[in-house]
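What follows is a set of notes on a single structure, which appears directly below.
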Amino acid sequence: MAQHPSWKVVKETFNFGDKAITLETGRLAKQADGAVLVSCNETTVLVTVVSDREAKPGRDFFPLTVEYQEKYYASGKIPGGFFKREAKPSTDATLTARLTDRPLRPLFPSGYMNDTQIVATVLSADNTVEPGILAGIGASAALHISDIPFGGPIATCQVARVDGKFIAIPSREQIENGDLELIVAGSKTAVLMVEGGAKFISEADMLESIKFGHETLQAAISAQDRLRKSVGKTKREFVPAETDSAFRKEVESFLKPRIREALLIKEKLARYQGFDEAKTQAKERFLTDGSMAPELLEQRKKELGNIVEDVKYTVSREMIIKEKHRIDGRSTTDIRPITCEVGLLPRAHGSGLFTRGETQVLGAVTLGTSDDEQLIDSVAGNYYKRFILHYNFPPYSVGETGRIGSTGRREIGHGALAERALRVIMPDHSKFPYTVRIVGEVFESNGSSSMGTICSGCLGMMDAGIPVIEPVAGIAMGLIKEGNDVAILSDILGDEDHLGDMDFKVAGGKSGITAFQMDIKIDGVTFDIMKTALAQAAQGRAHILAEMNKVLSEPRNDISRYAPRIETIQIKPDKVREVIGPGGKMIKSIIEATGVKIDIEDDGKIHIATSDPEAAKKAILMIKNICAEAEVGKTYHGKVKKIMDFGAFVEILPGTDGLLHISEIAHDRIRAVGDVLKEGDELDVQVLDVDRAGKIKLSRKILLAKSP
């Protein structure tokens, strides 16, 4: 490899299981604050980080953006579509960007408000390694060697389980053959994020897989430390702005009783109004001094807003830890009141409404045919999706106004989690050959609408008559930890999610877990705490399932009368060509004659879809006739296709002719075939014989009575 004299290229290699991963810096994107090229086999991802030197005035949030770019040239493909250029990020790219963002965001110092951008670009992809895992490692490495303030390093590891054995960085085939697939992100001492799905595994197995992933990723963290030791830059000095201690103390003293009073209000909107009133009173008390300089007034307004949030954080956590009193008055294990309904939408093929406290989600289910499968144009290759879930979170669901337009990253992420949980309970496609789309419409939200989508979606699936493997439900859990005091919260509110130290969502049924998501904001969450939390989540999930079962405990016996009916028949694979016909002529004629939709698989399965049962019967009969084979001794009603001197060829089945010899036309001797038969005549004949070559001998006279 040619190298510029001024370059200082440094590499570090480590192993994840049987795969070697290399970190390289100093050759590409050298003007970025940090840039690392991550390679494994022939998959390569370049990750860059840049952070502005100063924060924009008046900003009160951390503007971190993570972009994951899939380049089609990486796998030797040209993008589909008219422009032949990479357009908006795919769903997979958006999910990968979220997975990269979530464990990194809490590691930047509090108060850091500088624009920061992480860009991961897939330069090469051989489909043996998930590039998103390399992106997660590269993002941490680029931040670690840069001068940007960062509390890493961390690393990301993908885990699958096949035949009871855990595998790091599995292949796609291993993931498909396994019963678990998840992604673990962590530091040297703590797990920071987990996301994954499973085929009904136990809580103990889930915990073991997280442990395995955390142990495996330690090699990547060590490699990043070695890389920083070689080329790391001195970190920028960053001192967060401090509020005047006297001003903070006075405002906190004023706010605490008022914020506490608001926290005791059970209804979300009324509680938020209480917070606003407390803030307004504080403004009137502390910010109405006319002698205050304009610059100081603006600073105090910003500081007061921060103090309000800090007081909410402190008081609510004290109430939970010391008084065992949650915001809405529940105990740590109580689930909010649940109401379930099914069959709300008369024309949808299935629908379920799930209301839990102030969270309400409608799950609308539509059944389609193979024509409705979604074609995914991916860098890894094109594939079809038969199970699709879309999640919508309109601003009115939280009592706000806002833009309604393209799907946001949050909606894509929450929808993917719900889809993962419900996809597992779908029956085998050979038994239920439908394309299924579920839409989760969030009508109200105050705590885990994604878990509400799982519950409403499952109810909708059963209402649609889908023979699910078993019902599943989802629950969102939280954690408050102060020193050695720990409170695990079942069915968290939105405020508890925001103010807590860990939130995790678990979905599954009586047989085990189907989906899992966890984000940890602090160190010190041990595996024992996780074990306890998982056990408490299982109890909560069982309670929710019991409430769902009161309304609908098993799938309906039949699908909606508005849904397409799909009849499946099996033919011999070597008959598929005959059913299709030259240039599709035969199958087109069946569709034109009956109006049905027909999907033929290579193994001989044929799916006939229509809302008209008689049309389905007609199409099946036509197909069976095409595939039918002549049987010795059976009588057929045929048509004379051709007259010969020695007999006539009679079509007894579509595309199947047999020879009716002149001697088998009648009992009496005839001079010429044409004296008795003409082309186009219809007659009954019986099969006398089918030889090894498939030639068919017919008889007409065997069916005629002899003359006296």
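Each reported figure results from applying straightforward, stated rules to the coordinates on display, with no laboratory input. Keep in mind that what you see is a predicted model, and the values were worked out from it rather than measured. Note: ideal-geometry Cβ built from the backbone for every residue, glycine included; neighbour counts use all protein chains shown.
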| note | The set of residues whose placed amide H lies less than 5 Å from the amide H of Leu479, leaving out same-chain residues fewer than 5 positions away, is Leu489, Asp501, Met502
| Distance in nm between label sites at Thr526 and Glu470, each 7 Å beyond Cα in the beta-carbon direction? | 3.1
| query | Quick one: if the Förster radius is 25 Å, what FRET efficiency do Asn15 and Asn177 give, using the C-beta to C-beta distance and rounding to 0.05? | reply | 0.65
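Just list whichever of Lys302/Lys521; Lys211/Lys322; Lys19/Lys71; Lys521/Lys550; Lys235/Lys481; Lys575/Lys695 have alpha carbons separated by over 26 Å in the model shown.
Values: Lys302/Lys521 24 Å; Lys211/Lys322 31 Å; Lys19/Lys71 23 Å; Lys521/Lys550 37 Å; Lys235/Lys481 30 Å; Lys575/Lys695 17 Å.
From the list (Lys302/Lys521; Lys211/Lys322; Lys19/Lys71; Lys521/Lys550; Lys235/Lys481; Lys575/Lys695), the Cα-Cα distance tops 26 Å for Lys211/Lys322; Lys521/Lys550; Lys235/Lys481.
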| remark: A chain fully extended from Lys639 to Lys324 at 0.36 nm per residue, minus the present Cα-Cα distance, gains in nm 104.7 nm
| Per-residue Cβ neighbour rank within 10 angstrom, fewest leading, Cys455, Cys40 | Cys40, Cys455
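For each of His667, His144, count neighbouring Cβ atoms within 10 Å of the residue's Cβ, then give the residues from fewest to most. Provide the component values of the computation, followed by the final result.
On the way: His667 13, His144 24.
Result, fewest neighbours first: His667, His144.
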| query | If the cut-off is 16 Å between C-alpha atoms, which lysines fall inside it for Lys266, apart from same-chain ones fewer than 8 positions away? | reply | Lys312, Lys324
| message | Could you compute the net charge surrounding Ile307? Neighbours are other residues with a C-beta less than 9 Å from the C-beta of Ile307; K and R count +1, D and E count -1. | response | -3
| task | Enumerate by residue number the trypsin sites (Lys or Arg not before Pro) in region 473-531 meeting two conditions: DSSP loop (anything except H, G, I, E, B), and at most 16 other Cβ atoms within 10 Å of the site's Cβ. | result | Lys510, Lys521
| request: Under 18 Å from a label point 7 Å along Cα→Cβ of Ala293: give me every residue in region 40-66 with its amide N that close. | output: 58
| request: Under 13 Å Cα to Cα from Lys233, which aspartates and glutamates show up? Leave out anything in the same chain fewer than 8 places away. | output: Asp33, Asp147, Asp225
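Pick out the long, greasy-scoring helices in the chain: whole DSSP H runs spanning 18 Å or more along their own axis by Cα, mean Kyte-Doolittle at least 0.5. Could you put the intermediate results ahead of the total?
On the way: long enough: 91-104 (20 Å, -0.39); 131-145 (21 Å, 1.43); 203-216 (20 Å, -0.59); 218-231 (20 Å, -0.51); 245-263 (25 Å, -0.50); 268-286 (27 Å, -1.36); 294-323 (42 Å, -0.72); 409-423 (21 Å, -0.77); 449-463 (20 Å, 0.75); 527-549 (32 Å, 0.17); 613-627 (21 Å, 0.45).
Those that pass (Cα extent of 18 Å or more, hydropathy at least 0.5) are 131-145, 449-463.
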| Can you list the lysines whose alpha carbon is less than 16 Å from that of Lys697, not counting same-chain residues fewer than 8 positions off? | Lys634, Lys639, Lys641, Lys642
| request: Would you mind giving the three semi-axes, in whole Å and largest first, of the ellipsoid equivalent to the chain according to its Cα gyration tensor? | output: 65, 32, 21
| said: Can you give the local net charge around Glu203? Use residues other than it whose beta-carbon is closer than 12 angstrom to its beta-carbon, Lys and Arg +1, Asp and Glu -1. | reply: 0
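How about region 47-120: which GluC sites (Glu not before Pro) there are in a DSSP loop, with at most 12 other Cβ atoms within 10 Å of their Cβ? Walk me through the intermediate numbers first.
Values: sites: Glu54, Glu67, Glu70, Glu86; in loops: Glu54, Glu86.
Those that pass, being in a loop and sparsely packed, are Glu54.
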| query | Between exposed chymotrypsin sites (Phe, Trp or Tyr not before Pro) in the chain, where DSSP calls loop and at most 16 other Cβ atoms lie within 10 Å, what's the longest gap? | reply | 239-561
| task | Starting with the fewest neighbours, write out Asp691, Asp33 ranked by other beta-carbon atoms found within 10 Å of each beta-carbon. | result | Asp691, Asp33
| request: For region 385-452, run through the trypsin sites (Lys or Arg not before Pro) and keep only the ones in DSSP coil with at most 12 other Cβ atoms within 10 Å of their Cβ. | output: Arg403, Lys431
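With runs of 4+ DSSP H residues as the only contributors, calculate the mean residue ellipticity of the chain at 222 nm using -39,500 (n - 2.57) per run, divided by the residue total and rounded to the nearest 500. Show your work: numbers first, answer last.
Numbers: 15 runs with 220 residues, N = 708.
About -10000 deg cm²/dmol.
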